[in-house]
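**Student:** Here you go, one structure.
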Amino acid sequence: MNDDTTTYTVRGMTCRHCVASVTEEVSEVPGVREVAVDLASGAVTVRGSGPIDDAAIAAAVTEAGYELVTP
C-alpha cells in the first residue's frame, strides 16, 4: 500500500484534550490512516492512503476549534 505523509502546524492547542480533539477530527477525514500530534510544537503529522486533501484537514482542524497555520 502506498502511503502519503504530510505534516501541518496547528495553532491554539494547549493540553492533551486539545490533542485528542484534533486527532479525532482529522482521523475522520477520508483516506487518513494515522494521525500523530506533538503538543509542544503544534505539529500534526497525517499519514493517508494516497494524497492528503489539505482543505479537508484544514476544515477538520477548524471543526476541532483550532487554526491550521499555512506556510
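**Student:** Be a star and scan region 36-71 for residues whose amide nitrogen sits under 15 Å from the point 7 Å along the Cα-to-Cβ vector of residue 6.
**Tutor:** It comes to 36, 44-62, 68-71, nothing else.
**Student:** Per residue, what volume in Å³ does the Cα convex hull of the chain take up?
**Tutor:** 73
**Student:** If you roll a 1.4 Å probe over the heavy atoms of the protein chains, what accessible area per residue do you get for the chain, in Å²?
**Tutor:** Per-residue value: 61 Å².
**Student:** Compute the long axis of helix 16-27 from its Cα atoms, compare it with the longest principal axis of the Cα atoms of the chain, and write down the angle in degrees, 0 to 90, nearest 10.
**Tutor:** Rounded to the nearest ten degrees, it is 30.
**Student:** Taking the chain as the reference, fit the longest principal axis to its C-alpha atoms, fit the long axis of helix 54-64 to the helix C-alpha atoms, and give the angle between the two in degrees, 0 to 90, nearest 10.
**Tutor:** Taking the Cα atoms of the chain, the angle to 54-64 is about 30 degrees.
**Student:** May I pose another question? Test of understanding: what is the full-extension gain from residue 40 to residue 70, defined as 0.36 nm times their sequence separation minus their Cα-Cα distance?
**Tutor:** Extra length available between residue 40 and residue 70 comes to 9.0 nm.
**Student:** Okay, next question. Could you order 4, 53 so the one with the most accessible surface comes first? Probe is 1.4 Å.
**Tutor:** 53, 4
**Student:** Right, here's the next one. Leaving out ligands, DNA and RNA, and with a 1.4 Å probe, what % of the accessible surface on the chain is carbon or sulfur?
**Tutor:** 49
**Student:** Continuing with this model, one more query. Select from region 13-71 those GluC sites (Glu not before Pro) which occupy a DSSP coil region and have at most 13 other Cβ atoms within 10 Å, ordered by residue number.
**Tutor:** Taking region 13-71 and a limit of 13 other Cβ atoms within 10 Å, the loop GluC sites (Glu not before Pro) found are 28.
The values are calculated or read from the model by the stated rules, or taken from the named source; none is laboratory data. Note that the coordinates shown come from a computational prediction; the quantities given were computed from them, not determined experimentally. We place every Cβ from the backbone using ideal geometry, glycine too, and count neighbours over all the protein chains shown. Protein only, heavy atoms only, side chains kept; ligands, DNA and RNA dropped before computing areas. Shrake-Rupley method; radii C 1.70, N 1.55, O 1.52, S 1.80 Å.
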